[in-house]
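Worksheet for the structure shown next.
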Amino acid sequence: MEMLPFIMFAAVFVLLLLGYPVALTLGGVSVIFGVLVFGLDFFALLPSRIWGTMTNYVLLAVPLFVFMGVMLEKSGIAEKLLETMGMLFGRFRGGLAVSVIVVGALLAASTGIVGATVVTMGLMSLPAMLKRGYDPELATGTIAASGTLGQIIPPSIVLVLLGSILNVSVGDMFIGATLPGLFLVSLYLLYVVALGFFRPNLMPSVSAAEIRSFKGDNPWRNIVEAFVIPFMLVVAVLGSIFAGIASPTEAAAIGAFGALLLTFFQRKLSFDVLKAVMRETTWLTSMVFIILVGASAFSLVFRYMGGDRYLEDMIVQANFQPELFLAIVMIGVFIAGFFIDFIEIIFIVVPVVAPIFTALGMELLWVGVLLAMNLQASFLTPPFGFSLFYLKGVAPKEVTTGHLYRGIIPFIIIQGFMLVLIILFPELVTWLPEVLSGR
């Protein structure tokens, strides 16, 4: 009986590596082991567990944030942002790369959907950067790293799911991730500016003729439409959470409605656009929740068999220090991120290790932000980084996989440095929530 939970856990990972669908793997393995352990009574227990998950009010934020992100993508706001910021910073060496990072951060705070952001920025920015003589490795690395900021910068779906699993307030997760996210963006910018200073040949400036053309075409109106209006939406969503006016779910509803209004004012709202946004939102939300249903069944069986208790006893008997256990989990999550998506990692690994973190007396808010930052790093790491696959799919033919792999390495080093900073200084995560809550 003691080995059954670990056999079940191993069976899930083997089947995932063999390429079976995640939701069906989790659900199928859970049903087989559930019948072995519970007998046919398992089918009486499972519906109540699934219903409890599906009626979770916090998780209602997922489809709303997805709708907000997809609608902003369809509205053309991302395209305007990139064009305008590119011209604003274009006179400087590395100005286009700086604009890509800034826009990546703004899109992350507006959408939180990594795949859509990387593809959108790849389609619009990469040809422009290559045309202006940017080094392909620098261009691809900057776009992939910036497009993945949606993993850590609120409102991130990763943070919503982690908060739900760790039983930490999603609002606190958003607030706690804000400073690390801003620090990470600052480090990206510092790297690009320094590279532009020391190796200017890698990133030429935009021609004076292009900048004059931009200035002659009512630049202030372009800046307001491209930058100020989306920024107001971000402030409305995150500001309402930080001020305690709205819960994350209510703020997500504000964001979804605001994105709809922005698309209308951009004269991009039509029945076809609305239908496409609703279809993509339904698809993405259904994918998340069907995996969540399978993960709920897995968690029910695993915990009933005492898997979490056995694992906790093993850690205690091995006399692991909390820091050592944290390191093991972080390395495991990082490696798992090479092979499976962040949703599967959150729903499979986190419920197993969360009780142990609690037993070891570790701050779950801090652990949650560390996990989010770690998952972001695994999204970028060769050879299986999902962001690299997204970007390669839309990159011109002259951009090789080698360019992608070499170009992302400096940003992975920065990401690792940021992880070390959060581990050494937990206040980066905990300080802002404590200040805003008055503790």
Report task. Of all residues in segment 289-306, count the ones that are assigned to a helix (DSSP H, G or I) and surrounded by fewer than 21 Cβ atoms within 10 Å (Cβ to Cβ). Result -> 6
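This table checks each residue for (1) more than 26 Å from residue 167 (Cβ to Cβ); (2) modelled with pLDDT of 70 or more; (3) in the same structural domain as residue 108 (by TED's automatic domain parsing).
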position	(1), (2), (3)
14	yes, yes, no
22	no, no, no
39	yes, yes, no
43	yes, yes, no
47	no, yes, no
51	no, yes, no
68	no, yes, yes
Query raised in the report: Mind checking whether some residue in segment 415-424 is part of a helix (DSSP H, G or I), modelled with pLDDT of 85 or more and in contact with a Gly (Cβ under 8 Å, 6 or more places away or on another chain)?
Result: no
**Report entry** Positions within segment 313-345 being modelled with pLDDT under 75 and outside any helix (DSSP H, G or I), in sequence order
**Finding:** 318, 319, 320, 337, 338, 339, 340, 341
Query raised in the report: Of the numbered conditions (1) of a type in the set (A, V, I, L, M, F, W, C); (2) at pLDDT below 70; (3) touching a helix residue (DSSP H, G or I) at 6+ places or on another chain (Cβ under 7 Å), residue 29 satisfies every one except a single condition; which is it?
Result: (2)
Query raised in the report: Residues in segment 192-203: is at least one at pLDDT below 75, in a helix (DSSP H, G or I), in the same structural domain as residue 263 (by TED's automatic domain parsing) and of a type in the set (S, T, N, Q)?
Result: no
Query raised in the report: For segment 89-108, how many residues meet the condition of being in a helix (DSSP H, G or I) and at pLDDT below 70?
Result: 1
Report task. Report whether or not residue 127 is surrounded by fewer than 20 Cβ atoms within 10 Å (Cβ to Cβ) and either at pLDDT 70 or above or outside any helix (DSSP H, G or I) (or both). Result -> yes
Query raised in the report: Applying the selection to segment 392-414, what residues are touching a helix residue (DSSP H, G or I) at 6+ places or on another chain (Cβ under 7 Å), among the β-branched types (Val, Ile, Thr) and part of a helix (DSSP H, G or I)?
Result: 394, 401, 408, 412, 414
Query - The one condition in (1) surrounded by 14 or more Cβ atoms within 10 Å (Cβ to Cβ); (2) at pLDDT 80 or above; (3) over 19 Å from residue 80 (Cβ atoms) that residue 259 fails to fulfil - result: (3)
Report summary line: Checked pairs for segment 166-192, first buried (at least 24 other Cβ atoms within 10 Å of the Cβ), second among the acidic types (Asp, Glu) and assigned to a helix (DSSP H, G or I), C-beta under 7 Å and 6 or more apart or across chains, list as none
Query raised in the report: Do you know which of the residues in segment 245-281 that are among the β-branched types (Val, Ile, Thr) and under 19 Å from the mean Cα position of the chain (by Cα) is nearest to residue 156 (Cα to Cα)?
Result: 249
Query raised in the report: How many of the residues in segment 375-401 are farther than 23 Å from residue 332 by Cα, modelled with pLDDT under 75 and buried (at least 21 other Cβ atoms within 10 Å of the Cβ)?
Result: 1
Query raised in the report: Conditions: (1) assigned to a helix (DSSP H, G or I); (2) surrounded by fewer than 14 Cβ atoms within 10 Å (Cβ to Cβ). Residue 273 meets all but one. Number of the miss?
Result: (2)
Requested in this report: Determine whether residue 137 is at pLDDT 80 or above and either under 23 Å from residue 97 (Cβ atoms) or in contact with a Lys or Arg (Cβ under 9 Å, 6 or more places away or on another chain) (or both).
Outcome: yes
Query raised in the report: Is it fair to say residue 353 is assigned to a helix (DSSP H, G or I) and buried (at least 22 other Cβ atoms within 10 Å of the Cβ)?
Result: yes
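The values are calculated or read from the model by the stated rules, or taken from the named source; none is laboratory data. All values reported here derive from a predicted model rather than from experimental measurement. All Cβ positions, even for glycine, are placed from backbone atoms using ideal geometry, and neighbour counts span all protein chains on display.
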